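This report concerns only the one structure given below.
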Amino acid sequence: MKSVVTTVIASADAAGRFPTTSDLESVQGSIQRAAARLEAAEKLAANLDNVAKEAYDACIKKYPYLNNAGEANSNDTFKSKCARDIKHYLRLVQYSLVVGGTGPLDEWGIAGQREVYRALSLPTAPYVEALSYARTRGCTPRDMSAQALTEYNALLDYAINSLS
């Protein structure tokens, strides 16, 4: 699993050197932000179902054509799969917050996603909308501290950019 520590070590190993001062400062910065990341992960865990439901509703509101026959939200099976996928991305964001890197998103959410969506003729725009909604939904101090929200939003941006 990729984290800032494993990334720094792998990069130094690949270059045939020991980690530099800059590398170690990167690790130190990640450790200093760990409390904020864990706060964001805990808050997301406590509200995961609500955030996922609201994000799902937001994407369907923006793309009502998905309810048309044959589209991605046209029957109960498709609806549950769409909602499941949104929740899956949010869980991967949560896992990434815990490990302090993008590893879970990269390994379980991003790798091959475009090919799968293209093969199944699934649009990515609704997922982008759902994750964008989850990003703008977050509020400090109502939901979490400013630093925790920054960590959460950075991972949502990463996921959004991978789907765009």
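Please treat every number below as a calculation from the coordinates, not as lab data. If you're wondering where the values come from, they're calculated on a predicted model, not measured in any experiment. Reconstructed Cβ throughout: ideal geometry from the backbone, glycine too, with neighbour counts over all protein chains shown.
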- [ ] Please report how many Lys pairs in region 34-163 have alpha carbons closer than 21 angstrom, counting only residues at least 8 apart along the chain or sitting on separate chains.
- [x] 14
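Which shape class applies to the chain: rounded if a/c is under 1.5, otherwise prolate when a/b exceeds b/c and oblate if not, where a ≥ b ≥ c are the square roots of the Cα gyration tensor eigenvalues?
On the way: a/c = 3.07, a/b = 1.64, b/c = 1.87.
The shape class here is oblate.
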Task: Percent RCO, i.e. relative contact order, over the chain, from Cα pairs under 8 Å lying at least 6 residues apart - done: 30 percent
Task: Charge dipole of region 34-163 about the Cα centre (unit charges at C-beta), most positive-ward option of Ala146, Gly100, Thr77 - done: Thr77
Open item on the list: Net charge within 14 Å of Ile31 by Cβ-Cβ distance, Lys/Arg positive one each and Asp/Glu negative one each, not counting Ile31 itself?
Closed with: -1
Open item on the list: Can you tell me which aspartates and glutamates have their Cα less than 12 Å from the Cα of Lys2? Leave out same-chain residues fewer than eight positions away.
Closed with: Asp106, Glu107
Task: Euclidean distance of C-alpha centroids, region 115-135 and region 26-86, integer Å - done: 11 Å
Task: Loop-located trypsin sites (Lys or Arg not before Pro) in region 118-152 whose Cβ has at most 13 other Cβ within 10 Å (DSSP) - done: Arg142
